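The values are calculated or read from the model by the stated rules, or taken from the named source; none is laboratory data. These numbers come from a predicted model, not from an experiment. Glycine gets a Cβ as well: all are built from the backbone with ideal geometry, and neighbour counts include every protein chain shown. Accessible surface is based on the protein model in full, side chains and every heavy atom, while ligands, DNA and RNA are left aside. Shrake-Rupley method; radii C 1.70, N 1.55, O 1.52, S 1.80 Å.
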Amino acid sequence: MIENSSLQSSYTDHCSAYRPSLCCRSGLEYQGYYNATKAKQSYRWFCHFDDDIYVNTAQLLRLLKKYDPMKEKMYLGHFPANLWKDKKKFQKKTKKIEAEKWPDFPELKGSDYAYATGASYCISNSLMDLVEEYFSGDNFLSTCQKAHKPDDLTIGVIIESVLGYNLTDVPVMQTELQKEGHISPKQLPEMITIGYRHVFDHPDKPKNKVVVPDSPFNDVEDPTGFLSYHCLLYPRTSWCLSKRHQL
């Protein structure tokens, strides 16, 4: 894990509060990774998770151990196909977006691409090396502008269309975009990431939380469902045991 106490202030100082700021912020994260690797710190993966995401680290490590990140060019995440209502642009058979031609990328290898939702994804070390010219620092903001896409779609454009590598779709890397309660109780321990959404975060969309059966917490105590989910995964945690004993 890269710890950088100045990263939050960099967001404020360097990235303005408008839509491209997501690309700007992502560029700062990538630059932090590249700075660390140039300082001879060894990182096998770059993983990004939004602050409304719970990461089941045990399951994440099981996934990452399946690959050799120093050799394999891996882009892991879940493609949110359910969000694409325009059937002309979404190709069901290939699970890719039918995209326009990008004149700003003469090295383009294809026009269709898939992408992982920007809330939860991992990129291997060897692939991060290849995308550095597009991702590092202010380069990523410029890359977003050339692609005419937000940050998560731009990642898919570069990795799939420009470089010719494929997203490995990992359905258990869910985000706040999933429908509330659509994950069965049996599936919950198998999830790598899971998210929540509050009405005040997205006033035009319904509230969404992690639903855990027989939770010892009520909605006021646990509005996101994360406490309940943590206690499902780690029932021997002291405060989980304490809460159970209060019932």
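Key figures for this structure:
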{"read-out": "Selection within region 38-51 - more than 16 Å from ALA116 (Cβ to Cβ) and in contact (Cβ under 8 Å) with a residue 40 or more places away in the chain", "value": "TYR43, ARG44"}
{"read-out": "Residues within region 44-77 that are open to solvent by 40 Å² or more (accessible area, probe 1.4 Å) and assigned to a loop (DSSP other than H, G, I, E, B), tallied", "value": "11"}
{"read-out": "Test result for TYR121, in contact (Cβ under 8 Å) with a residue 12 or more places away in the chain and not in a helix (DSSP H, G or I)", "value": "yes"}
{"read-out": "Residue check for SER124: closer than 25 Å to TYR33 by Cα and at pLDDT 95 or above", "value": "yes"}
{"read-out": "Close pairs (6 angstrom Cβ cut-off, 6 or more residues apart or separate chains): on the phi > 0 side of the Ramachandran plot in region 181-195, assigned to a loop (DSSP other than H, G, I, E, B) and surrounded by 11 or more Cβ atoms within 10 Å (Cβ to Cβ) anywhere", "value": "GLY181/VAL211"}
{"read-out": "LEU108 vs. criteria open to solvent by less than 70 Å² (accessible area, probe 1.4 Å) and modelled with pLDDT under 85", "value": "yes"}
